[in-house]
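One structure is given here, and the rest of the page talks about it.
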């Protein structure tokens, strides 16, 4: 199967299309369309790094200086609840958010925590199109690939790393080597 990283230029077109219909989708979900909500979704869709709420808040405050971090957190959770955003959190200390609702997967650097959207041609076909799990009704799925990005692999991951990130490396390495199905 071939893995393809989603290009920023494609994300920009997707973001424009999503922004054009966002207000209508909020109204359909019974949510008021506020300038703050519009700024939060614009910041999320404009980011290509699956930002944390703090980064989204900093971006929103450029236009709305009085928006609180609590408002950003609540709005992001609401957007996730109504299907306008999703969380990407498996290996991270805090929630990261994704505004890309198209079917896609992620590759995550276990050292610097960089996240990139990827498409994997043929994966759905390989899984037979239907995912079943005894005792569960599947609502969707996403694959997360743990890796080292080129920058971390070439630097050996030593320069400028904090003790906290080294601890995260150890936890990620333990998680990465855990045999599948051992839970």
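The values are calculated or read from the model by the stated rules, or taken from the named source; none is laboratory data. All values derive from a computational prediction rather than experimental measurement. No Cβ is skipped: glycine too gets one built from the backbone with ideal geometry, and neighbour counts run over all protein chains shown.
Restricting 71, 90 to residues that are modelled with pLDDT under 85 and either in a loop (DSSP other than H, G, I, E, B) or under 26 Å from residue 16 (Cα atoms) (or both) narrows the list to 90.
Looking only at segment 144-154, decide whether some residue is at pLDDT 85 or above and in contact with a helix residue (DSSP H, G or I) (Cβ under 7 Å, 6 or more places away or on another chain). Looking through segment 144-154, at least one residue is at pLDDT 85 or above and in contact with a helix residue (DSSP H, G or I) (Cβ under 7 Å, 6 or more places away or on another chain). Evaluating residue 70 against the criteria (1) in contact (Cβ under 8 Å) with a residue 24 or more places away in the chain; (2) surrounded by fewer than 20 Cβ atoms within 10 Å (Cβ to Cβ); (3) out of contact with any helix residue (DSSP H, G or I) (no Cβ under 8 Å at 6 or more places or on another chain) leaves one unmet condition, (1). Among the residues of segment 1-34, just one is exposed (fewer than 10 other Cβ atoms within 10 Å of the Cβ), at pLDDT 90 or above and in contact with a helix residue (DSSP H, G or I) (Cβ under 8 Å, 6 or more places away or on another chain), namely 32.
When segment 35-61 is limited to residues that are in a loop (DSSP other than H, G, I, E, B) and modelled with pLDDT under 95, the one that is surrounded by the fewest Cβ atoms within 10 Å (Cβ to Cβ) turns out to be 49. Looking at residue 101, is it farther than 30 Å from residue 153 by Cβ, surrounded by fewer than 20 Cβ atoms within 10 Å (Cβ to Cβ) and modelled with pLDDT under 85? Yes.
Of all residues assigned to segment 159-170, none qualifies as being within 19 Å of residue 47 (Cβ to Cβ) and modelled with pLDDT under 85. Taken over segment 12-34, the residue count meeting the criterion of being in contact (Cβ under 8 Å) with a residue 12 or more places away in the chain and on the phi > 0 side of the Ramachandran plot is 0.
If I filter segment 3-11 for residues that are part of a helix (DSSP H, G or I), more than 26 Å from residue 109 (Cβ to Cβ) and free of Cβ contacts under 8 Å to residues at least 40 places away in the same chain, do I get at least one hit? For segment 3-11, residues part of a helix (DSSP H, G or I), more than 26 Å from residue 109 (Cβ to Cβ) and free of Cβ contacts under 8 Å to residues at least 40 places away in the same chain: absent.
Selection of segment 93-146 for residues being over 16 Å from the mean Cα position of the chain (by Cα) and within 18 Å of residue 2 (Cα to Cα) yields 120, 121, 122, 123, 124, 125, 126, 127, 128, 129.
Would a scan of segment 121-135 turn up a residue that is modelled with pLDDT under 90, in contact with a helix residue (DSSP H, G or I) (Cβ under 9 Å, 6 or more places away or on another chain) and not in a loop (DSSP other than H, G, I, E, B)? Within segment 121-135, none of the residues are modelled with pLDDT under 90, in contact with a helix residue (DSSP H, G or I) (Cβ under 9 Å, 6 or more places away or on another chain) and not in a loop (DSSP other than H, G, I, E, B).
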